Amino acid sequence: MTTNTANALSIIYDGFKCTDESAILGDQAQSIFTIEEDLGGGNYRLLLENGYLVFKDKICIELINTSIDPANLHGLSKIKAVAYFNGNALVISYGLIKQNKDIVNGNPILLTDINFPSTYTLVFDYLPSTQRFKLKSATKLDNLFTALHSGSNSTPSFSSSHVDPILPVEEIQFLIKE
C-alpha cells in the first residue's frame with residue numbers, strides 16, 4: 001500500500017490472545033496483514049497471519065489454528081484477504097470457516113463435520129502523522145445453524161444469515177511495517 005510517505009508491506013496489531021472467558025485476556029499476540037499482491041488501482045491481495053480480531057467483551061486475537069494437519073502446514077497458517085486503499089481509508093475483507101461452538105455445544109454426532117462460514121469487513125482510517133491505520137468499524141456476517149424441532153425429530157437448516165455491525169469501543173490501531 002502506498003501512503004504519502006511509505007510503502008507498507010504489512011500492518012500489525014499487537015494485542016492479546018482470546019481465552020474461554022471473554023472478559024479475561026490471554027498472552028500477547030499479533031495480527032498481521034501482509035501484502036501478497038498489488039492488483040493496481042488501490043486493490044490488494046493480502047495474507048492474514050498469526051490471528052484475527054474477535055469482538056467480545058474485550059477485543060482479542062483468536063490464533064489461526066494450524067493443528068488441523070500437522071504434517072501439512074502449507075497454507076493453513078494464513079487466511080487470504082482482499083483490500084482497497086484510496087489514500088485515506090482502508091477496507092479489508094476476509095472469510096473463515098470454523099465450527100461455531102456458540103451455536104453447537106459439545107460435539108453432537110450429526111454435526112461433527114459441519115463448519116460455519118463467517119466473513120469480516122474491516123474499515124480503517126489512515127493516520128499519516130503516526131503511520132497507522134485506526135479501525136473505524138467492522139462487520140461480521142455469519143451463516144447460522146438453526147434446527148427445526150418437531151417432537152423427537154430435528155431437521156437442520158442453514159438458511160439463516162446474521163450480520164453484526166461492530167463499532168469498536170476500544171481504540172484499535174495497526175502499525176505500518178515497511
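The values are calculated or read from the model by the stated rules, or taken from the named source; none is laboratory data. Everything numeric in this text was worked out from a predicted model, so none of it was measured. Because the Cβ atoms are built from the backbone with ideal geometry, glycine has one as well, and the counts that use them run over all protein chains shown. The accessibility values were calculated without ligands, DNA or RNA, using every heavy atom of the protein model including side chains. Shrake-Rupley method; radii C 1.70, N 1.55, O 1.52, S 1.80 Å.
When every residue of region 69-92 is checked against the conditions, at least one turns out to be among the charged types (D, E, K, R), at pLDDT 80 or above, open to solvent by 40 Å² or more (accessible area, probe 1.4 Å) and within 21 Å of Tyr13 (Cβ to Cβ).
Of all residues in region 1-21, those satisfying the criterion of being open to solvent by 40 Å² or more (accessible area, probe 1.4 Å), among the hydroxyl-bearing types (Ser, Thr, Tyr) and at pLDDT below 85 are Thr2, Thr5. The set of residues in region 27-68 being outside any strand (DSSP E or B), modelled with pLDDT of 85 or more and more than 19 Å from Phe124 (Cα to Cα) consists of Asp27, Asn50. Starting from residues that are under 18 Å from Ser31 (Cα atoms) and either open to solvent by 50 Å² or more (accessible area, probe 1.4 Å) or in a loop (DSSP other than H, G, I, E, B) (or both), keep the ones in region 153-178 and report whichever is modelled with the lowest pLDDT. Among those that are under 18 Å from Ser31 (Cα atoms) and either open to solvent by 50 Å² or more (accessible area, probe 1.4 Å) or in a loop (DSSP other than H, G, I, E, B) (or both), it is Pro168. A single member of Lys136, Lys140, Lys98 is open to solvent by 50 Å² or more (accessible area, probe 1.4 Å), at negative phi and modelled with pLDDT of 75 or more, and it is Lys136. Which of the numbered conditions does Ile114 fail, given that it passes all the others? Conditions: (1) at pLDDT below 55; (2) open to solvent by 50 Å² or more (accessible area, probe 1.4 Å); (3) in a loop (DSSP other than H, G, I, E, B). Failed condition: (2). Each residue in region 115-131 was checked for being within 22 Å of Ile79 (Cβ to Cβ) and touching a residue at least 40 places away in the same chain (Cβ under 8 Å), and 3 pass.
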